[in-house]
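Q: For reference, the structure I am asking about is given below.
The values are calculated or read from the model by the stated rules, or taken from the named source; none is laboratory data. Values in this document were obtained by computation on a predicted structure and should not be read as measured data. Counting neighbours? That spans all protein chains shown, and the Cβs are built from the backbone with ideal geometry, glycine included.
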Amino acid sequence: MMQNRPSVPVTTIGGYLGSGKTTLVNHLLRNANGRKLAVLVNEFGDLPIDEDLIESQDETLISIAGGCICCSFGNDLIGALRDMLGGSTVPDQILIETSGVAIPSAIVATVALLTGLHSDASLVVVDAETVRTAARDDYIGDTITRQLSDADIVVVNKGDLVSDTAKQELADWLSDVAPGSVILPTEFGRVAPDAIFGCVAEPSHGLTAHHSDALFESITLHPDPIEDVPNYVHRLITENRGIVRAKGYVYDMMDQCWLIQVVGQRSNVTRSDQAKQNGLVCIGLRGRCDFSGLRP
């Protein structure tokens, strides 16, 4: 029955028109690596799926090679989400690609209404070359800054079009308008899926390898029993260690198992009723991660 299934993580993908949301979504579908993904969009015309990925298509559903699907929900997002949860095959991850003017927090609030789902991350894609100019526009500026203020992860796309100086200026600007978010620079939407998805690999498997992983590194920590698990996680997210995602299980001094899930500077730490393998997978930008004091 549905109530016995684990809660499905939902990632909201926002960003203004032309930022590269479509490119990112196609990249994630192309590199699903066995994950069953479901992509929800307002209208199919807003999200052209690469033709070589499509196995079949009708007015409301596109079937993607590898078991993924893309659904059009129009104005009934709740209905589409309920249909997914009530189906015989529930996806591992749901991606909701919003319109260019949508505010991610509104989508997150909708997800919170449904049992069986949880909001995993709010992701906003920006065009490295144009986002600061657009944010000053009298008509669209407020929308862009509101989108960024909601973000757990900001994917800075089209980095190949700007200079190193412009990249640093953009990073400084984003630290003000998107405080607390993780900034992921990229080109052509090539972000390692494990940095995006809530269904991070189990500790024994590590980061799934593919061509975008050059920007990322992954490590599995096997800490000794921890005296204060919430404080340990607090250190992960507040000491500027460069961690984008972390997921896994650790044990405290009383041999209690804890589930840890981290995205950017947001975390969820809960006691686990079942004994699990001790291991915490951490993913971050290559060369920017600091695991000192956290290793075994």
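Q: Among the residues of segment 230-254, which ones are out of contact with any strand residue (DSSP E or B) (no Cβ under 9 Å at 6 or more places or on another chain), part of a helix (DSSP H, G or I) and under 14 Å from Phe291 (Cβ atoms)?
A: The one that is out of contact with any strand residue (DSSP E or B) (no Cβ under 9 Å at 6 or more places or on another chain), part of a helix (DSSP H, G or I) and under 14 Å from Phe291 (Cβ atoms): Arg235.
Q: Does Phe44 satisfy the condition of being aromatic (Phe, Trp, Tyr), at pLDDT below 85 and closer than 16 Å to Ala102 by Cα?
A: So Phe44 does not fit the description; no.
Q: Those residues that are out of contact with any Phe, Trp or Tyr (no Cβ under 8 Å at 6 or more places or on another chain) and touching a residue at least 40 places away in the same chain (Cβ under 8 Å), I need them from segment 247-287; list them, please.
A: Lys247, Gly248, Gln261, Val263, Gly264, Gln265, Arg266, Val281, Gly287
Q: Determine, yes or no, whether Gly15 is at pLDDT 90 or above and at positive phi.
A: Considered against the rule, which asks whether it is at pLDDT 90 or above and at positive phi, Gly15 comes out as yes.
Q: For segment 147-176, what are the residues that are of a type in the set (D, E, K, R) and within 18 Å of the chain's Cα centre (by Cα)?
A: Hits for segment 147-176 are Asp150, Asp152.
Q: Can you tell me which residue in segment 72-94 is modelled with the lowest pLDDT, limited to those that are touching a Phe, Trp or Tyr at 6+ places or on another chain (Cβ under 9 Å) and within 30 Å of Thr145 (Cα to Cα)?
A: Ranking the qualifying residues of segment 72-94, first place goes to Ser72.
Q: Can you tell me which residue among Ile69, Ile62, Ile94 is outside any loop (DSSP other than H, G, I, E, B) and in contact (Cβ under 8 Å) with a residue 60 or more places away in the chain? It would help to see each step written out before you state the result.
A: Details: Ile69 fails: in contact (Cβ under 8 Å) with a residue 60 or more places away in the chain; Ile62 fails: in contact (Cβ under 8 Å) with a residue 60 or more places away in the chain.
Only one candidate qualifies: Ile94.
Q: Are any residues in segment 224-243 of a type in the set (Val, Ile, Thr) and at pLDDT 85 or above, and if so, which ones?
A: Ile226, Val229, Val233
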